[in-house]
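The structure under discussion appears below in the form of structure tokens.
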Amino acid sequence: MAPPSFQKGNTALITGGASGIGLALATRLLSYGLRVLVADKDVSRLSSSLSPAETETKDLLTTFEMDVANLEDWNRLKATIDELFDGKLNVLALNAGRYLPTTFTNPDPTNFYETMQTNLFGVINGVTTMLPLVQQTSLSQTSSAGPSSCSCSIIITGSKQGITNPPANPAYNASKSAVKTLAEHLSFDLSTSHPHISVHLLVPGWTFTGMTGAGEKEKEKPAGAWWPEQVVEYLEGKMAEGKFYVICPDNAVTEEMDKRRMAWAMGDVVENRPPLTRWRGEWKEKAEEGMKGLDV
């Protein structure tokens, strides 16, 4: 069963929606009859990605070219939603992100800055700009059709790297860790002020997208990865169950494995171990045994 916000006639905004998980979500919402606005730095990719059947719903689809790191672009987007959707916004999916290499040995912090601008401030800009529209939509639907019929959702895309914190890219991990914290606070705040708005932290597993090599010539999907459509299907199910944390498995990592890895990572803090023990040579064997024995 689809979540209440995925109902025909509702409206949706998806950032980073021209490819990958964002495109899969846009396609799913269009199939339900929602009016969907896809915002992306390169919306031209969208037309070539839609199948002939999906292009039949093009009258429900609007595109908007923008940089989520630019607050002025968000203000222009808000004005567009006011005009096209009469300010109605049922689904806000903050999905745009980027993965740039970062290391502390590089004296140029540009990649740190750009990662934070897109992954973190793209979410902050989106919430602060669009939340009033979602709140207004929620209140109007609640008052007009009863409290049980309200259908508004905010979906924020995080990453397992923002939870288990594997070494190699500190800026990406930090940005997604911050996104997790922001989503948790947003959920808590709205639970009392606007309880009919659901908030969901989407944490994909290994997914075959442009960020992980999809689209490269002659590159096939690895057996362990999921397709973006599988992530959206899993998200939809968890949203229907009212879950905030949507921690997706994949073909290589089960839900149980994810739980053990997350519990072990938090154990570094609780037990005052060195940070990132899971990847330290002297801790590797103990970490593997410890994760096997964790009661989750």
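Read-outs throughout are calculated quantities, based only on the coordinates presented, and are distinct from any laboratory measurement. It should be emphasised that the depicted structure is a prediction, and the values quoted were computed from it without experimental measurement. Please note: Cβ atoms are built from the backbone with ideal geometry, for glycine as well, and neighbour counts cover all protein chains shown.
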Quiz item: In vacuo Debye scattering of the stretch 254-296, one point per C-alpha: log10 I(q)/I(0) at q = 0.16 Å⁻¹?
Solution: -0.35
Practice problem: Return the Cα extents of the stretch 89-195 along principal axes one, two and three, sorted largest first, each rounded to a whole Å. | Solution: 58, 24, 16
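Dipole of the chain, Cα-centred, from +1 at each Lys and Arg C-beta and -1 at each Asp and Glu C-beta, to the nearest 20 debye?
300 debye
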Exercise. Give the order of ILE156, ILE21, ILE124 when sorted by the count of other beta carbons within 10 angstrom, beginning with the fewest.
Key: ILE124, ILE156, ILE21
Exercise. Can you put HIS185, HIS200 in order of Cβ neighbours within 10 angstrom, beginning with the fewest?
Key: HIS185, HIS200
Quiz item: For the chain, with the dipole built from +1 on Lys and Arg beta-carbon atoms and -1 on Asp and Glu ones, taken about the Cα centre, which of ALA265, GLY158, SER191 lies farthest toward the positive end?
Solution: ALA265
Exercise. Would you work out which of TRP283, LEU182, GLY210 lies farthest towards the positive end of the dipole of the chain? Charges go on Cβ: Lys and Arg +1, Asp and Glu -1.
Key: TRP283
Quiz prompt | Exposed trypsin sites (Lys or Arg not before Pro) absent: longest stretch of the chain, with sites in DSSP loops and at most 15 other Cβ within 10 Å deemed exposed | solution = 9-216
Self-check item: Size of charge dipole - the stretch 254-296 - debye, nearest 20, with Cβ of Lys, Arg +1 and Asp, Glu -1, no other charges
Solution: 140 debye
Quiz prompt | For the chain, radius of gyration divided by Kirkwood radius, i.e. Rg to Rh on alpha-carbons | solution = 0.98
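Would you mind ranking THR103, THR207 so that the residue whose beta carbon has the fewest other beta carbons within 10 Å leads the list? Provide the component values of the computation, followed by the final result.
Numbers: THR103 11, THR207 21.
By the 10 Å Cβ count, ascending: THR103, THR207.
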